[in-house]
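Here is the structure we will look at, set down as C-alpha cells.
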Amino acid sequence: MRTADFDYPLPAELIAQTPAEPRDSSRLLVVRRRSGALEHRIFRDICDYLQPGDVLLRNDTRVIAARLWGEKADSGGKVEALLLRPAAASAWEALVRPANRLRLGSRILFRNSAAGDTLEARIIAVKQEGTRVLEFPPGADPERLGEMPLPPYIHGALDDPERYQTVYAREKGSAAAPTAGLHFTPELLARLEAKGVELLSLTLHVGLDTFRPVRQGDPQQHRIHQEFYRLTPEVALRLTAAAQEGRRVVCVGTTSVRAIEDAARRSGWSASSPRPHQPPLLPYQGLTGLYILPGHPFLAVDALLTNFHLPHTTLLMLVSAFAGREQVLAAYEEAIRHRYRFYSFGDALLFL
C-alpha cells in the first residue's frame, strides 16, 4: 500500500465553490458494496435507502471562528493562525504560518479591523508540523477576532456563514465542518424520524488532518493528529441496544466513523464476535488517535454517508478501508464522468 494509490485526477471546475440550495438538492451517488452497482439520485432520496430501525449517527460539532489574522509584535510580519483546540486555560493549539518565523516566546497581535479590536498572544510551546500553543490573556475570547475557516480550495466568502454548519450543529470546537452532514435539512430529518429511523448524535471536533495530505510514501508512516470526541452515556446505551437488536448503523461522515470505531475498541468489541454478543458500548470523553487504513476491521459501522475527499488524505483512505480502494476510485471516476461537484460544498456518496 502506497500513498500514491489514493490519487485521482479531478478537473478544477468540479470543485464546488458554493453550497447547494436548498441543502438536500445536492446529488447522491449510491454505491452497493457487494455488487458494485451505482445509482444516481438526489440527496433527499436518502429516505428510500434508510429503513425503520436504522440508526443515523451524526456529528453535532459546531465550527468556530477559528481563522485569525495578525502580525508579529516585533517586526510587523504577517501571521495567519488556525485555532485547532484548547490546550489549557487561555491557551489554544493552532496551525500557524509562517511557522519557521514563529518561535517560542514570539508575540503576535491579532486584529479584526471590522470590529476595531486587537488581542495579543504569546507562543508558549512549539510543536511539530507548523503547530504552536498560543497563550491569550486570561478570559480573552480569540473567536471574537476570527472568521469562518473555509478550506483553501474555496475562493470566495459565504454570504451566510451558517451554510458551513450542519443544521444540527450544537457543540462548539471544530476547525472544519463535518461536511457529509451539510446536506440535511430539518424537514428531511423529520421525514427520516417519522419513518422510524433513530437519529443519534456524538461530538467529534474536527482538527488538523482535515487540512493536510499524507506526505510520506507509505501511509502507515503518517502520524495522525488526535481529535477530541464525546460519546454520552445515553447515546452509548442506545447504540448498545441497536447492536443487540441487530439494527443497522449508518454513519454520517468519516468523523462519526472514527469516533464510534474508537469507542467500540475501548469497549472491548471484537471482529470475531457477532455484534449482538458484544459488551455494552462505554461512554467516553477524550482524545482519539485512531487511524483507519485499508485492512481495518470495522466493528460498529454498517453504512457510510460521505462527501468526496481530496487525494492522498486520511479521509479518502478511511473510505477506501470501508468500501475498498478500487470500488471507491471507480465511484469517483463515475462521479467525474457525470459532473458531480466535489469536496466540502459538493455532492455526496452513500456506501451500503
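Where a number appears in this text, it was derived from the coordinates with a stated rule and is not lab data. What you see is a predicted model, and the numbers here were worked out from it, not measured in a lab. Reconstructed Cβ throughout: ideal geometry from the backbone, glycine too, with neighbour counts over all protein chains shown.
Let me make sure I get this right: for the stretch 67-145, a, b and c are the square roots of the gyration tensor eigenvalues over alpha carbons, sorted descending. Under 1.5 in a/c it's rounded, otherwise prolate if a/b > b/c, else oblate. Which is it? Verdict is oblate for the stretch 67-145. Once the chain from Q285 to T118 is taken as fully extended at 0.36 nm per residue, the excess over their C-alpha distance is 56.7 nm. Stretched out straight at 0.36 nm per residue, the stretch from A99 to A190 would grow longer than its current Cα-Cα span by 28.2 nm. Cβ-Cβ distance of R325 and L109, R₀ of 41 Å, FRET efficiency by 1/(1 + (r/R0)^6): the value works out to about 0.30. The simple Förster model, with R0 at 45 Å and r as the Cβ-Cβ distance, assigns T18 and S270 a FRET efficiency of 0.50.
Put in order of Cβ neighbour count within 10 Å, fewest first, the listed residues L349, L104 become L104, L349.
Helix 314-323 and the long axis of the chain differ in direction by around 0°, with both axes built from C-alpha atoms. Can you match volume of the Cα convex hull per residue in Å³ to one of these, (1) 142; (2) 252; (3) 152, based on a calculation from the structure here? Structure-derived value, by its label: (1). Full extension of the chain segment joining E39 with A88 gains 12.9 nm, where the gain is 0.36 nm per residue of separation less the Cα-Cα distance. Legend: calculated FRET efficiency, S75 to Y8, from the Cβ-Cβ distance at R0 = 45 Å, rounded to 0.05, equals 0.60. What is the distance, in nm, between label points placed 7 Å from the Cα along the Cα-to-Cβ direction at M1 and at Q244? Distance between the two pseudo-spin positions: 3.4 nm.
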